[in-house]
Each structure stands twice: as structure tokens, then as C-alpha cells.
1. Within the range 13-29, restricting attention to residues that are in contact with a Leu (Cβ under 7 Å, 6 or more places away or on another chain) and not in a helix (DSSP H, G or I), which residue is modelled with the lowest pLDDT?
2. If residue 254 passes every condition in (1) at pLDDT 85 or above; (2) over 29 Å from residue 371 (Cβ atoms); (3) open to solvent by 40 Å² or more (accessible area, probe 1.4 Å) but one, which one does it miss?
3. State which residue pairs qualify: first residue modelled with pLDDT under 95 and assigned to a loop (DSSP other than H, G, I, E, B) and inside the range 74-94, second residue open to solvent by 30 Å² or more (accessible area, probe 1.4 Å) and hydrophobic (A, V, I, L, M, F, W, C) in any location, beta carbons under 6 Å apart, and separation of 6 or more residues or different chains.
4. Which residues, taken from the range 369-383, are free of Cβ contacts under 8 Å to residues at least 60 places away in the same chain and surrounded by 13 or more Cβ atoms within 10 Å (Cβ to Cβ)?
5. Tell me which residues, restricted to the range 344-368, are of a type in the set (A, V, I, L, M), open to solvent by 40 Å² or more (accessible area, probe 1.4 Å) and not in a loop (DSSP other than H, G, I, E, B).
6. Which residues, counting only those in the range 178-219, are loosely packed, with under 15 Cβ neighbours inside 10 Å, within 21 Å of residue 245 (Cα to Cα) and at pLDDT below 65?
7. Could you list all residues from the range 122-162 that are of a type in the set (Val, Ile, Thr) and either within 30 Å of the chain's Cα centre (by Cα) or open to solvent by less than 10 Å² (accessible area, probe 1.4 Å) (or both)?
8. In the set 320, 299, 284, 331, which member is surrounded by fewer than 15 Cβ atoms within 10 Å (Cβ to Cβ), of a type in the set (Val, Ile, Thr) and either touching an Asp or Glu at 6+ places or on another chain (Cβ under 6 Å) or without any contact (Cβ under 8 Å) to a residue 40 or more places away in the chain (or both)?
Amino acid sequence: MISGRDLVRLAAALGRQQPAASDFGSTPAPDESLTHALAQAVHASRSAVMLTDAQLDVPGPRVLYVNPAFEALTGWRAAEIVGGDPRVLQGPATERSVLDRLRRDLEGTGSFEGRAINYRKDGSPFVMSWRIATVAGADGRRTGYVAIQDDVTRTWLAQLREHETLDALQQALLPTPAPEAEGLEVAAQYRPADDLTHLGGDWYDTVSSDDGATHLVVGDISGHGTASAARMGQFRWALHALLAAGLTPVDALGQVRRMSGETTTFATVAIATVPAGRERVDVVTAGHPPVVHLAADGVTTVLSTDLALLGPGTPHAAVVPASHPLAPGDVLCSYTDGLVERRTRPVTEGIDMLCRHLASTPPKPVEPLAGYLSGLVAALAADQSED
């Protein structure tokens, strides 16, 4: 990028300003040969360069100079645009918000960087990046602006294709809305740590088996981002298929554990199984925070087993699920550690906070669980940036 000091030299070299000191520093003005060389370098630059006066209000600014690269980029000849309005490059798809920010930045700091859709002389659009700096006179007042412009259409299209790929990956891997399970109301909320891809290693699932049981699954793969989400997909769909085929949660986790031994990925899982009669819940956890049961009378019970987390070198052992009776109006809450764990407090303290919140603010019988869940997450995870 051309520095502010060099822009002043450029203005002088192009004959639009007189050589003078500026607010960019106290370095002495270049000698005539260096000034001439700088002007030649800008004139030969592959980036488009435009110099305007400092009048931002219509009919300004006025174009004072463009280099040959600008002519090649836009189709406008120097003789056609010098003395005219640079807004001739704008069109229907030029974002107003970008132009508003351009004005604010130039009036404020005197510099701007951004990207917008502009138009060539023949009307064809392209994506242009801008880098603009101020030219100042001897008294320090702004006398003009120099803009360095590049066509970044290919880069923009490549980024667009990448986002489309990520969108497709999201559709395949992100948790889906929980299906209907007779006799149960199921709600879930997912908050990813990665704001860019909206992907992470956490997942939830609801699996129905032929015997009428419903398996409520919450899992957590180590890591964040696209790679972690891809590994999550392997665990999620393998476990889903095994449970749907009729394997018990303990046996299904054993199969997934053998699969995980061939990877470098670790995972924790909680499976809460509600049999067809809905008279109890059987919970199996592998390295995962316990499932919390909230009875209609406000009493909370944490349910977990001692299975180790899934991953290479972790042992598998037979275990008896933690079983607890269910009654109409009872609530089961399963989650990942992002809801309850912080660097400043142990996970056990976070689980206690969750139990107290459930007991003191239980869902109302007429309140949809989805709305209640949003409030619970907002209360417990307001300071959390993890999944």
C-alpha cells in the first residue's frame, strides 16, 4: 500500500499540488529525481490509482488524475473522467452502507478501506477494493484524496463458493430440529462458538427404536470449526444408526468407542432413554456432564454413569444405566459443558447453578419448552463464548 507521505509526493509529482510539508511526518521532501521516479511508478502500477480534490459534497469530488491501470480496469479513458465525478463508477448494486462509511471515514480519520460493487463504462459490474488516504497542503489542510483500487471479483466469487460449501456442510452436519416423540415434548438449542461457519463439535439427536423407546442424545467432540464438525458427523451418524438398529446405549457406545480408537478424536456423550411406557428414564454418560431430572415438585436429581469418554486408548466397561422414575410434567435437561463450565469456576458449581435454576424457575405447563430453553440458556450462558 502507498503510504500517506508517498501520496503527498505523488500529488506534487503529478503537478496537481505544490511540494510541501504535511501532517504525515517531518521527512524532507524528495529530490526531483525521486519525485519523478515515484510518479512513473504510480503511472505504471498494476493497481488503479485515482486522485481527487477534497470536496466531498456534490458536485465534488472532482477527478484530477487516473493512471493507465484505472483506464484498463474501468474502460474510462483519462480524458473522459478527469474533471468529472468518480460516482460514475457506482450503480444499482453499489451498497449504500459502504458509501456512507466511506464518507464518515474520510471526514473523520481521512482514510478508508473497503470493498463494493462498481461498474465499468460498458455497464458490467465488478467487485472493487478501495484504499484511500488524504493529501494535505503546506498548512495541514486536506487538499485531496488518493484512492488505490483493485478488481477483487475472482477472490469474492471464490469466497462466495466457499461459503456455499460451508452452507451445504452446515445442512448436513448441524443438529436438526428434534422429531416428534409420542408422549414427549422435545426442544433443543444450539449455540456455536465459531461465528463464521456456525459449526462446532457439539450435537444433539433424537432416535426412535422399534420397541418404542426414544433415545435423547447430546454429544461433544473435541475442538471447534469445520474439521471438528466433520468428525462430529462421523460419531453422530454412527451412534444414530446403532441405536436405531436396536442396540442398547451401552452396546452402541462400545461400537462407537472401537471406531474412535482409529482416530485422534475424543468425544463425550450422554444418552437418556425413555422406554415406550414413559414410566422411567435410563441414563448412560461417557465422560459427559450428568443429565438433570426435574420432578413436578421441584426436586432435581443428577443422573450419570462412570463410562470413560470416547477416544483412542480409552477403556470400555460394562455399566448399569442410571435409572429414575418419570411422571407427567417431569423435565429432563441434557447439555454440553459449555453451559455449565467456566475457567473461573468448576463444572460441579455450574451444574449446581443449573439445578437451582430449574428448581426455582421451572417451565410452566402451558409454556412451550423451546421458549423456556431460550431463557435458560440466556441465564446460564450469557458470559460463555464456547459451544
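The values are calculated or read from the model by the stated rules, or taken from the named source; none is laboratory data. Just so you know, these numbers come straight off a predicted model, no measurement behind them. Glycine also receives a Cβ, built like all others from the backbone with ideal geometry; neighbour counts cover every protein chain displayed. With ligands, DNA and RNA removed, areas are computed over all heavy atoms of the protein, side chains included. Shrake-Rupley method; radii C 1.70, N 1.55, O 1.52, S 1.80 Å.
1. Top of the filtered list is 16.
2. (3)
3. Listed by first residue and then by second, the contacts come to 93/117; 94/117.
4. Within the range 369-383, 375, 376, 380 qualify.
5. Result: 347, 353, 359.
6. If the condition is that a residue be loosely packed, with under 15 Cβ neighbours inside 10 Å, within 21 Å of residue 245 (Cα to Cα) and at pLDDT below 65, then 179 is the only one that fits.
7. Selection gives 127, 132, 135, 146, 148, 152, 153, 155.
8. On the way: 299 fails: either touching an Asp or Glu at 6+ places or on another chain (Cβ under 6 Å) or without any contact (Cβ under 8 Å) to a residue 40 or more places away in the chain (or both); 284 fails: surrounded by fewer than 15 Cβ atoms within 10 Å (Cβ to Cβ); 331 fails: surrounded by fewer than 15 Cβ atoms within 10 Å (Cβ to Cβ).
One residue alone meets the criteria, 320.
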